[in-house]
Amino acid sequence: MKKLLVSLSIFTFLWACNSEKVNEQTPAKKNILVQVSVIDALLQGIYDGIMPISELVEYGDLGIGTFHGLNGEMVVLNDTVFQVLSTGAVAKPASDVTTPFAAITAFSADTTFALEDISYDSLEASFNSFFPTPNLFYAVKMKGEFSYMKTRSVPAQSEPYLPLAEVTKNQPEFEFNQVKGEIVGFYCPAYAQGINVTGLHLHFLTADRKGGGHILAFNVKKVSLEIGYLPEFKLILPTSGDFLGGDFTVDRSEDLEQAEN
Ligand SMILES: [Zn+2]
């Protein structure tokens with residue numbers, strides 16, 4: 001599979017194909033955000049996978065994304081890739097299953113907070129208070145108990161692909177009450193519009209690994225919130241397929257609002 005590795009320099013320039021991949025000799029450098037494709041590709045229905053998940057997890061142990069053909073929500077937690085299907089069931093996909101869009105990091109917490117009794121909306125509104133500046137990327141991990149959780153997944157698509165905002169009009173949604181589990185995701189700064197979801201983008205996995213998905217709402221009962229600062233960003237783009245003919249001149253922020261919330 002042809003891929004072009006493009007290094008996007010945010011603070012530090014990284015050469016593609018270098019040594020921050022995880023292996024036994026050289027553990028992954030911590031807290032580099034590695035991303036496959038861009039959110040505006042997904043929004044216009046570019047769902048063909050370009051990287052097998054076996055390769056994706058070489059870049060880290062905490063991440064989110066989706067799968068070839070938009071087949072469910074991805075949660076990467078502690079090196080394991082989970083696939084929350086549109087039925088609500090959670091699968092562990094084969095290593096050759098590919099992703100068209102994902103973000104992953106070798107997570108290391110820079111700060112930890114204890115949270116109780118807070119809604120997603122309140123947390124989102126006050127999230128800037130948990131880190132020094134809204135102008136960096138951050139990895140987010142929360143573990144504990146939620147009095148309420150609402151998620152969604154997306155049904156697998158076949159070509160011709162519909163835009164994401166069309167697909168999510170009929171998204172299956174799942175509700176959990178008094179549930180234990182983990183949230184993983186990212187905070188992206190405003191200038192990342194078009195590249196990733198700006199602000200918080202979080203996925204959930206239950207402690208029993210039987211449910212989860214893309215988070216729409218929650219109420220925290222009691223959790224630990226860990227945040228890893230991500231001062232480096234490596235962007236890996238498709239070099240073949242629909243991406244090359246995609247239209248990236250359009251402002252898709254309203255589609256994103258529709259698709260993500
Ligand atoms: Zn999502």
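Out of Asp40, Asp48, Asp61, I need the residue that is open to solvent by 10 Å² or more (accessible area, probe 1.4 Å), more than 13 Å from the ligand (Cβ to nearest atom) and over 30 Å from Gly245 (Cβ atoms). Which one? Result of the check over Asp40, Asp48, Asp61: Asp61. Residue-level check: of (1) open to solvent by 50 Å² or more (accessible area, probe 1.4 Å); (2) over 18 Å from the mean Cα position of the chain (by Cα); (3) touching a residue at least 24 places away in the same chain (Cβ under 8 Å), Phe131 misses just (1). Quick one: in region 110-124, which of the residues that are surrounded by 14 or more Cβ atoms within 10 Å (Cβ to Cβ) and in a strand (DSSP E or B) is nearest to the chain's Cα centre (by Cα)? The qualifying residue nearest to the chain's Cα centre (by Cα) is Ser119. Considered as a group, the residues in region 50-95 that are of a type in the set (Gly, Ala, Ser) and part of a strand (DSSP E or B) include one that is nearest to Ser108 (Cα to Cα), and that residue is Gly63. Just one of (1) over 28 Å from Ala114 (Cα atoms); (2) surrounded by 16 or more Cβ atoms within 10 Å (Cβ to Cβ); (3) away from the ligand (no atom under 12 Å from the Cβ) fails for Tyr191. It is (2).
So that you can scan it fast, the table gives a plain yes or no per residue for (1) crowded, with 16+ Cβ neighbours inside 10 Å; (2) over 14 Å from the mean Cα position of the chain (by Cα); (3) in a strand (DSSP E or B):
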{"site": "Pro160", "(1), (2), (3)": "no, yes, no"}
{"site": "Glu166", "(1), (2), (3)": "no, yes, no"}
{"site": "Phe176", "(1), (2), (3)": "yes, yes, yes"}
{"site": "Val184", "(1), (2), (3)": "yes, no, yes"}
{"site": "Lys222", "(1), (2), (3)": "no, yes, yes"}
{"site": "Ile227", "(1), (2), (3)": "yes, yes, yes"}
{"site": "Ile236", "(1), (2), (3)": "yes, yes, yes"}
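Within region 64-85, at least one residue is without any contact (Cβ under 8 Å) to a residue 24 or more places away in the chain and buried (at least 20 other Cβ atoms within 10 Å of the Cβ). Hey, among the residues in region 205-215 that are part of a strand (DSSP E or B) and more than 10 Å from the ligand (Cβ to nearest atom), which one's surrounded by the most Cβ atoms within 10 Å (Cβ to Cβ)? Out of the qualifying residues, it is Gly212.
Pairs are defined by a Cβ separation below 9 Å, a sequence spacing of at least 6 or placement on different chains, a first member in region 168-182 that is assigned by TED's automatic domain parsing to the domain that holds Arg209 and over 23 Å from Glu257 (Cα atoms), and a second member that is surrounded by fewer than 17 Cβ atoms within 10 Å (Cβ to Cβ) and among the small types (Gly, Ala, Ser); the pairs so defined are Asn177/Ser147; Gln178/Ser147; Val179/Ser147; Val179/Ala207; Lys180/Ala207; Gly181/Ala207; Glu182/Ala207.
The values are calculated or read from the model by the stated rules, or taken from the named source; none is laboratory data. Keep in mind the model is a prediction, meaning the values are calculated, not measured. As a convention, Cβ positions derive from the backbone with ideal geometry for all residues, glycine included, and neighbour counts pool all protein chains shown. With ligands, DNA and RNA removed, areas are computed over all heavy atoms of the protein, side chains included. Shrake-Rupley method; radii C 1.70, N 1.55, O 1.52, S 1.80 Å.
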